[in-house]
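Taken together, the values in this text are just the output of simple stated rules run on the coordinates, not laboratory data. This structure is a prediction, so every number in the text was calculated from the model and none was measured. Heads up, the Cβs are rebuilt from the backbone with ideal geometry, glycines too, and the neighbour counts pull from every protein chain shown.
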Amino acid sequence: MNASELLGELVNKGVADIFVITGKPLSYKLGADIEELNDQIFLPGDTQDFIEQIYTLAEGRSIDYLAERGDDDFSFAIKGVSRFRVNTYKQRGTLAAVIRVVSFDMPDPLALSIPPQVLDLADLRRGLVLITGPAGSGKTTTLATIINRINTTRNAHIITLENPIEFLHRHNRSLVSQREVNIDTASYATALRAALRQSPDVILIGELRDAETISIALTAAETGHFVLSTLHTVGATNTVDRLVDSFRAEQQNQVRMQLSMVLQNVVSQQLIPLLAGGMTPAFELMHCNNAIRNLIREGRTHQMSQVITTSSNEGMVGMDTSLLRLYQAGLISPQEMLTHALAPESLAKQAGL
């Protein structure tokens, strides 16, 4: 089976993710559904061959890392077809892969229903902005639209630290340095320390994975840089709690103090299946006003959702409010609304269910 031709065929179908797993036919995600390409079941040798072809397409990337560690992240491109983000891994003694299709072009925020308030974050000059949500919710795409806005409107040095690189940013009004973990640098923390010596104006960190990376990111934001990153959390409250809980108990008060000073915005997003097919995003938007900063400093994060709800005049929107609007517009089902809600019982009452 020719991997290059097959990937081209699936890109033409408009798929989002491709699954290569032994014991099942090649499968793909179209909208919210996983479908099988045909009835040809992949045997262990078929999976091994397909994945080896992928490594060859990735400019001959060595498969040794996968063999030694059990999983690997990387990206590659097929000219005239698309870019792809890949995670390969071992499962039950065989190889497997999940391949995300990434467009060559910068994403269109209007077509993706990304709110103008999110794009306006590109105007910030310092502090920390977090884009959060579950895996596959479009966080990287949202970040790419913000970086692209900066690149086309500002004269700045943008440094991105990613694993792997998905969207390629060409130099425009800004200079863009894109570094890939495990290829251009050993780790996020190592690259982030180096970035502070590379005269950055904007630093994008693919993910805040550990206390060390979070600590350096907070320091970078404190020293006047504009830092953007992601977390696998839903809702601003969960995001702040996750950051603080990454540290030992004796460090947490200091982290709360730092966060209260440098955090500017938390954008939380989920992709919701539409009644008409396809997906649409629901966004929670939190801006750190004085009330939010006080709650973070005092460890009263459970009250943040109330401030978000009562601060719509400042452009804040709660996740459940966003979901309710989609439901009332007839775009999503009540089941999907409640499944993705942060407070489903309360939201059900608001919706009259």
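Values computed for the structure shown
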{"item": "Ranked list, fewest to most other Cβ atoms within 10 Å of each Cβ, for I18, I146", "result": "I18, I146"}
{"item": "Cβ-placed point charges (K, R +1; D, E -1), dipole of segment 116-350 about Cα centre in debye, nearest 20", "result": "480 debye"}
{"item": "Sparse-neighbourhood loop sites, GluC sites (Glu not before Pro) in segment 35-79 - DSSP loop, at most 16 other Cβ within 10 angstrom", "result": "E59"}
{"item": "Neighbour net charge for A122 - beta-carbon separation under 14 angstrom, K R +1, D E -1", "result": "+2"}
{"item": "Span from the segment 5-45 Cα centroid across to the segment 72-126 one, whole angstrom", "result": "18 Å"}
{"item": "Whether the chain is rounded, prolate or oblate, judged on the alpha carbon gyration tensor where a/c under 1.5 counts as rounded", "result": "oblate"}
{"item": "Overall form of segment 110-184 per C-alpha gyration tensor (a/c, 1.5; a/b vs b/c)", "result": "oblate"}
{"item": "In degrees, nearest ten, helix 3-13 long axis to first principal axis of the chain (Cα)", "result": "50 degrees"}
{"item": "Helix axis angle, 139-153 relative to the chain longest principal axis, alpha carbon, degrees", "result": "70 degrees"}
{"item": "Neighbourhood net charge (15 Å Cβ-Cβ; Lys/Arg +1, Asp/Glu -1) for H340", "result": "-3"}
{"item": "Q251/S312 FRET efficiency (R0 35 Å; Cβ-Cβ; nearest 0.05)", "result": "0.50"}
{"item": "Segment 3-102 - charge dipole about Cα centre, Lys and Arg +1 at Cβ, Asp and Glu -1, debye rounded to 20", "result": "260 debye"}
{"item": "Overall form of segment 80-224 per C-alpha gyration tensor (a/c, 1.5; a/b vs b/c)", "result": "oblate"}
{"item": "Footprinting exposure proxy for I63, I147 (fewest neighbouring C-beta atoms within 10 Å first)", "result": "I63, I147"}
{"item": "Neighbourhood net charge (15 Å Cβ-Cβ; Lys/Arg +1, Asp/Glu -1) for E52", "result": "-3"}
{"item": "Angle between the chain longest axis and helix 252-262 axis [Cα atoms, degrees, rounded to 10]", "result": "90 degrees"}
{"item": "Separation of the H302 and L6 label points, Cα + 7 Å toward Cβ, nm", "result": "5.1 nm"}
{"item": "Trypsin sites (Lys or Arg not before Pro) within segment 198-300: DSSP coil, no more than 13 neighbouring Cβ in 10 Å", "result": "R248, R300"}
{"item": "Table column - 3J(HN,Hα) (Hz), segment 316-333, Karplus curve with 6.51, -1.76, 1.60, x for Gly and Pro", "result": "7, 9, x, 4, 5, 5, 4, 5, 4, 4, 5, 5, 5, 7, x, 8, 10, 7"}
{"item": "Part-to-part distance (alpha-carbon centres) for segment 284-345 and segment 133-168, which is given in Å", "result": "24 Å"}
{"item": "Where GluC sites (Glu not before Pro) fall in DSSP loop in segment 248-324, at most 11 other Cβ within 10 Å", "result": "none"}
{"item": "22 Å Cα cut-off, lysine pairs counted over the chain (separation 8 or more, or different chains)", "result": "6"}
{"item": "Length-normalised contact order for the chain - Cα pairs under 8 Å, 6+ apart - percent", "result": "13 percent"}
{"item": "Point-to-point label distance, D210-N87, nm (Cα→Cβ direction, 7 Å offset)", "result": "1.8 nm"}
{"item": "Whole-Hz ³J(HN,Hα) from phi, Karplus 6.51 cos²θ - 1.76 cosθ + 1.60, for segment 171-181, glycine and proline x", "result": "4, 10, 6, 9, 8, 10, 10, 10, 10, 10, 5"}
{"item": "Farthest toward positive dipole pole in segment 3-102 [+1 Lys/Arg, -1 Asp/Glu at C-beta], among A3, V15, T47", "result": "V15"}
